[in-house]
Amino acid sequence: MDTPSPRTASSHRGLAVMLAALSAVGPFAIDAYLPSMKEIGERFAASAVTVQQTLTAYMLPFAIMTLWHGAISDALGRRRVTLVMVALFLLASAGCALAWSIESLLFFRAMQGMTAGAGMVIGRAIVRDVLDGHEAQRLMSQISLVFAIAPAVAPVLGGWLHVWFGWRSVFAFLVLFTAAVWTVCWRSLPETLPVERRQSLHPGYLLGAYWQVLRTAPFVALVVSVTCNFSAVFLYIVSAPAFLMDHLHVSETGFLWLFGPVTAGLVAGAWTSGRVAGRITPVRTVGWGYGVMVAAVIANVAYHLLEPPALPWSIVPLFFYFGGSALAMPSLTILALDLFPTQRGLASSCQSFVQTMGNVIATALVAPLVWGSALTLAVGQAVVLALGLAAFALYRRIPSRAPAIATPPRAAPHNGT
């Protein structure tokens, strides 16, 4: 196995940071304003359920558009589509900061959702454009390592901005953050998809390709596994105000109690995934991740069956669960994308669509049912994980190959980047 040169390794680290920042824009927009939800409801005379719908208004367009970000980048190039989508997200964030009613906030949140997924979807495709095998797994793990900071920093920073300057400052900060990300990408993001490898946006081809991808049993099993693993994490993220403020009695500035361990667990899992890349198989790495997650959910349910919620014991099992999830996710993603080596952008879109729809279900349906107590949250997490484990077990039992996708009409040449 060849060892990458110091210059190549440094280049990969820089690309990992850039792609992680792009991927973090979307989750940051989800988490940063969670501590401000109560004030938003008071200022706009909106109920808690209506304010909660600002999450759904974001997630549904996010899910729908993830189906298209990858396909568009397969046709027009990675760099061009990324820059346009990040710029549109910036404008939508400015609209949120200037919102004059709950209806206008819902509108601009939907606009954010339509554009926020581009960085995550296209970033995965870029990794597979430039690297193969364990090097791709290692870079994906580095991205996950940097990306893990966003869920922790966002609500903590959002809580302090809320206390100091009010809820609008959270979206104003998001405008500044997005502008910085766009500037770095404009200066440094390479075009990794040559013109001769680009695919067509022909509607007939796309419909056929989506149909082939979404009916491929190994791919669907892997994507459902990824989706359930992360939805079990997302359940706690969207329930954070109830879990922390109602059950554990922390203040708006105390969200670090949850999101600190989230970050630590995700960083530990992603670091471990990168370290074992090339030493053990991706399937075995996923198995280790599931072992950690299963042990964590058993401990979480057992504690809340026997004891009332309390710090830090209600948080400790979550650290290990998030670590196991981050250990498994890069390998699950690589296994899924490798089934479609010539349509990675489209396959990444399909994965993101299914994963985001899982998050929509967690946000709109599951979370309100289980956030009434710490015990019901723990049980809900265990049930969602069981579904993910069953999907991975199914993947192990079926042939791991994908049907060939018909050759598309040749894409029209696109000059420039």
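The values are calculated or read from the model by the stated rules, or taken from the named source; none is laboratory data. Keep in mind the model is a prediction, meaning the values are calculated, not measured. Don't worry about glycine lacking a Cβ; one is built from the backbone with ideal geometry, like all the others, and counts go over all protein chains shown. Protein only, heavy atoms only, side chains kept; ligands, DNA and RNA dropped before computing areas. Shrake-Rupley method; radii C 1.70, N 1.55, O 1.52, S 1.80 Å.
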| field | Condition broken by LEU244, with the remaining ones in (1) free of Cβ contacts under 8 Å to residues at least 24 places away in the same chain; (2) out of contact with any helix residue (DSSP H, G or I) (no Cβ under 9 Å at 6 or more places or on another chain) satisfied | value | (2)
| message | Given the criteria touching a residue at least 24 places away in the same chain (Cβ under 8 Å) and more than 21 Å from the chain's Cα centre (by Cα), does ILE102 qualify? | response | yes
| query | When both residues are 6+ apart or on different chains and their Cβ atoms are under 8 Å apart, which pairs have a first residue that lies in segment 79-97 and is in contact (Cβ under 8 Å) with a residue 40 or more places away in the chain, and a second that is among the acidic types (Asp, Glu) and open to solvent by 20 Å² or more (accessible area, probe 1.4 Å)? | reply | ARG79/GLU191; ARG80/GLU191
| Out of the residues in segment 356-400 that are within 17 Å of the chain's Cα centre (by Cα) and not aliphatic (A, V, I, L, M), which is nearest to VAL51 (Cα to Cα)? | THR363
| request: For segment 297-314, indicate whether the set of residues that are at pLDDT 90 or above, open to solvent by less than 40 Å² (accessible area, probe 1.4 Å) and either in a strand (DSSP E or B) or under 17 Å from PHE230 (Cα atoms) (or both) is non-empty. | output: yes
| Unique residue being out of contact with any Lys or Arg (no Cβ under 6 Å at 6 or more places or on another chain), at pLDDT below 80, more than 25 Å from LEU214 (Cβ to Cβ) and not hydrophobic (A, V, I, L, M, F, W, C) when the list is SER5, SER104 | SER5
| note | Residue hits (segment 238-293; in contact with a Gly (Cβ under 7 Å, 6 or more places away or on another chain), surrounded by fewer than 21 Cβ atoms within 10 Å (Cβ to Cβ) and at pLDDT below 80) are GLU252, THR253
| task | Would you mind finding the one in ARG109, ARG80 that is charged (D, E, K, R), modelled with pLDDT of 90 or more and under 22 Å from the mean Cα position of the chain (by Cα)? | result | ARG109
| request: Taking the residues in segment 346-402 that are hydroxyl-bearing (Ser, Thr, Tyr), open to solvent by 10 Å² or more (accessible area, probe 1.4 Å) and in contact (Cβ under 8 Å) with a residue 40 or more places away in the chain as candidates, determine which candidate is nearest to VAL224 (Cα to Cα). | output: TYR395
| request: Report the residue count in segment 77-89 for those that are aliphatic (A, V, I, L, M) and surrounded by 18 or more Cβ atoms within 10 Å (Cβ to Cβ). | output: 3
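Residues are listed down the side, and each one gets a yes or a no for (1) crowded, with 24+ Cβ neighbours inside 10 Å; (2) assigned to a helix (DSSP H, G or I):
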| site | (1), (2) |
| --- | --- |
| LEU19 | yes, yes |
| ILE30 | yes, yes |
| PRO35 | yes, yes |
| GLU42 | no, yes |
| VAL49 | no, yes |
| LEU60 | no, yes |
| THR66 | yes, yes |
| LEU91 | no, yes |
| TRP100 | no, no |
| field | segment 156-179 - residue that is surrounded by 24 or more Cβ atoms within 10 Å (Cβ to Cβ) and within 17 Å of ALA116 (Cβ to Cβ) and, of those, modelled with the lowest pLDDT | value | GLY158
